[in-house]
């Protein structure tokens, strides 16, 4: 807080300094090599708190490789990753998850022989100190059960909570994956093509669900479905051959001639 004294000593003006919130994610000169192949090459990106960002690019552009570096699956060959100004470049994936980075995968990554409720309950327990004891009933874990039940209701899965995951539709399984990623209330959610393989109705339902998520959660979404991408995004970043190509609003990306040529198609 700053104090300003005017000529009249009886008058004192106080100016409150407002701290600008730090960006949620900053990627600086990030690169990944696989032998002689450079999959991501000097990529830069900044995402603000609560932003809805879509990452686009043709197959092989390096989008999933970038996700794997941000989440800690792959170590970066060069560059660094800042999460709320903390350098997480060398942290393992479980440390990043504990800090608040969650993600989904292109291929459904669930326990098919467990119920919907059991899948979500394990995700709720994953990042807390509470451990399950085989002689204690699940009903005794009140906080975990309450969080699990809240997610089941939020994602419209309550009536299916006791069904085995393998018996559900692909659309339901995608919703469960998003629910698992949100189990510990992450600050950054990475969604890798969540609408892949869904019908038009399932895609629409998933898009509505994503738009209803807590606005304080920053979301970075990889998506090939243009309807989903343009409906969801506040800003779009385009990756091409492992390099940054363009960034802007939906309208700017739609009207970008280079993007139209290499990704959207040109007349």
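Does segment 97-112 contain at least one residue that is farther than 19 Å from residue 220 by Cβ, modelled with pLDDT under 90 and surrounded by 13 or more Cβ atoms within 10 Å (Cβ to Cβ)? Looking through segment 97-112, at least one residue is farther than 19 Å from residue 220 by Cβ, modelled with pLDDT under 90 and surrounded by 13 or more Cβ atoms within 10 Å (Cβ to Cβ).
Residues checked against (1) in contact with a helix residue (DSSP H, G or I) (Cβ under 7 Å, 6 or more places away or on another chain); (2) free of Cβ contacts under 8 Å to residues at least 40 places away in the same chain:
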| position | (1), (2) |
| --- | --- |
| 66 | no, no |
| 69 | no, yes |
| 73 | yes, yes |
| 76 | yes, no |
| 90 | no, yes |
| 93 | yes, yes |
| 96 | yes, yes |
| 101 | yes, no |
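Being surrounded by 17 or more Cβ atoms within 10 Å (Cβ to Cβ) and touching a helix residue (DSSP H, G or I) at 6+ places or on another chain (Cβ under 6 Å) is a property that does not hold for residue 25.
Only one of the numbered conditions (1) touching a helix residue (DSSP H, G or I) at 6+ places or on another chain (Cβ under 9 Å); (2) more than 14 Å from residue 29 (Cα to Cα); (3) modelled with pLDDT of 95 or more is violated by residue 81, and that is (2). Flag: residue 91 does not match the condition of being at pLDDT 95 or above and buried (at least 21 other Cβ atoms within 10 Å of the Cβ). Among all residues of segment 215-231, there is none that is over 19 Å from the mean Cα position of the chain (by Cα) and closer than 23 Å to residue 40 by Cα.
Scanning segment 28-69 for residues that are out of contact with any strand residue (DSSP E or B) (no Cβ under 7 Å at 6 or more places or on another chain) and surrounded by 17 or more Cβ atoms within 10 Å (Cβ to Cβ) yields one hit, 68.
Taking the criterion of being over 28 Å from residue 227 (Cα atoms) and in contact with a strand residue (DSSP E or B) (Cβ under 8 Å, 6 or more places away or on another chain), the only residue of segment 17-27 that qualifies is 17. Among residues of segment 169-185 that are at positive phi and in contact (Cβ under 8 Å) with a residue 60 or more places away in the chain, none has a beta-carbon under 8 Å from a residue that is in a helix (DSSP H, G or I) and surrounded by fewer than 22 Cβ atoms within 10 Å (Cβ to Cβ) at least six positions away or on a different chain. Being surrounded by fewer than 23 Cβ atoms within 10 Å (Cβ to Cβ) and closer than 19 Å to residue 258 by Cα is the filter here; which residues of segment 226-237 pass it? Within segment 226-237, 226, 229, 230, 235 meet the criteria. Within segment 188-204, residues that are without any contact (Cβ under 8 Å) to a residue 60 or more places away in the chain and at negative phi have Cβ atoms under 8 Å from residues that are surrounded by fewer than 21 Cβ atoms within 10 Å (Cβ to Cβ) and outside any helix (DSSP H, G or I) in these pairs: 195/225; 202/169; 203/225, counting only partners at least 6 apart in sequence or on another chain. Among the numbered conditions (1) touching a strand residue (DSSP E or B) at 6+ places or on another chain (Cβ under 9 Å); (2) without any contact (Cβ under 8 Å) to a residue 60 or more places away in the chain; (3) under 24 Å from residue 148 (Cα atoms), the only one that residue 209 does not meet is (1).
The values are calculated or read from the model by the stated rules, or taken from the named source; none is laboratory data. These numbers were taken from a predicted model, which means no experiment stands behind them. We place every Cβ from the backbone using ideal geometry, glycine too, and count neighbours over all the protein chains shown.
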